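The values are calculated or read from the model by the stated rules, or taken from the named source; none is laboratory data. Note that the structure is predicted; figures quoted are calculated from it, not measured. Using ideal geometry, Cβ is built from the backbone for each residue, glycine included, and neighbour counts are taken over all protein chains shown. We work out accessible area using only protein heavy atoms, side chains counted, and drop any ligands, DNA or RNA first. Shrake-Rupley method; radii C 1.70, N 1.55, O 1.52, S 1.80 Å.
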Amino acid sequence: LVHKDIFLSLSHMPVTDEAFSFVEKQLINSNSNKMKQSALVYFAQKKESRAKKWIDQYSDTTDPKLRLAVLYLAARLHDQGAKDSIIALLMDNPSKSDQGVLLRSLAELVSPDEFQEAIKRCEINPTSKKYYEALWLSEYRNATSAKKAEAARKLLQSEYLWDRREAVQYLISRNRVDILEPFLLADPRVELPYMVEVQESHVGQLVVLEA
């Protein structure tokens, strides 16, 4: 639990040289595969290009969770060489949690049409929440500037914090108040225009934090 708290705290901050060095040391020195998995996921979430060397370092790992983490890192860094391995694992009847990671990894690499075609070949249920969340991610990644905001609107429904955060950041940068407003309630008791009462909504909280 401690290592999860450490990486969660780091995830809310920019990747400083000190943070990068700390995380990399876990991959070099730690005897815990869970710690190494968290380190790889951290680099993936941050899209840290300096961590690309670890893809090769862990490409032959026999630990299934480390394998998933390194494929996720490769996908986040747009390494197309990971695509075939991801699809092969999806065809191998993975657990629901592993399937979710693999679907998201694939979504980082392919267009929505390619994603749906791959899902058909893998015989995955195209009505599951994990499927739709990964499809929304693929749509967002591949959206034109004219359609990006609507793709971000879908992404706000994701259960994944990083998806919601990215969508909120994008919508704030484009001043799309019309999309974000439903997640906030104006508090008439507060005179300052930017003070708001947050709904019981993770998205609402993110809007306040990112604004």
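General remarks:
- Odd one out for Ala51 among (1) part of a helix (DSSP H, G or I); (2) within 25 Å of Gln99 (Cβ to Cβ); (3) modelled with pLDDT of 95 or more; (4) open to solvent by 50 Å² or more (accessible area, probe 1.4 Å): (4)
One line per residue, one yes/no per condition, for (1) closer than 23 Å to Asn33 by Cα; (2) crowded, with 20+ Cβ neighbours inside 10 Å; (3) of a type in the set (Lys, Arg):
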| residue | (1), (2), (3) |
| --- | --- |
| Leu66 | yes, no, no |
| Leu73 | yes, yes, no |
| Asp84 | no, no, no |
| Leu90 | yes, yes, no |
| Lys147 | no, no, yes |
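- Members of the range 149-187 found to be touching a residue at least 24 places away in the same chain (Cβ under 8 Å), open to solvent by 30 Å² or more (accessible area, probe 1.4 Å) and over 27 Å from Leu8 (Cα atoms), listed by number: Arg174, Arg176
- Selection within the range 26-35 - open to solvent by 40 Å² or more (accessible area, probe 1.4 Å) and part of a helix (DSSP H, G or I): Ile28, Asn29, Asn33, Lys34
- Odd one out for Ala134 among (1) of a type in the set (Gly, Ala, Ser); (2) more than 21 Å from Ala167 (Cα to Cα); (3) modelled with pLDDT of 95 or more: (2)
- When the range 131-145 is limited to residues that are open to solvent by 70 Å² or more (accessible area, probe 1.4 Å) and in a helix (DSSP H, G or I), the one that is farthest from Leu103 (Cα to Cα) turns out to be Asn142.
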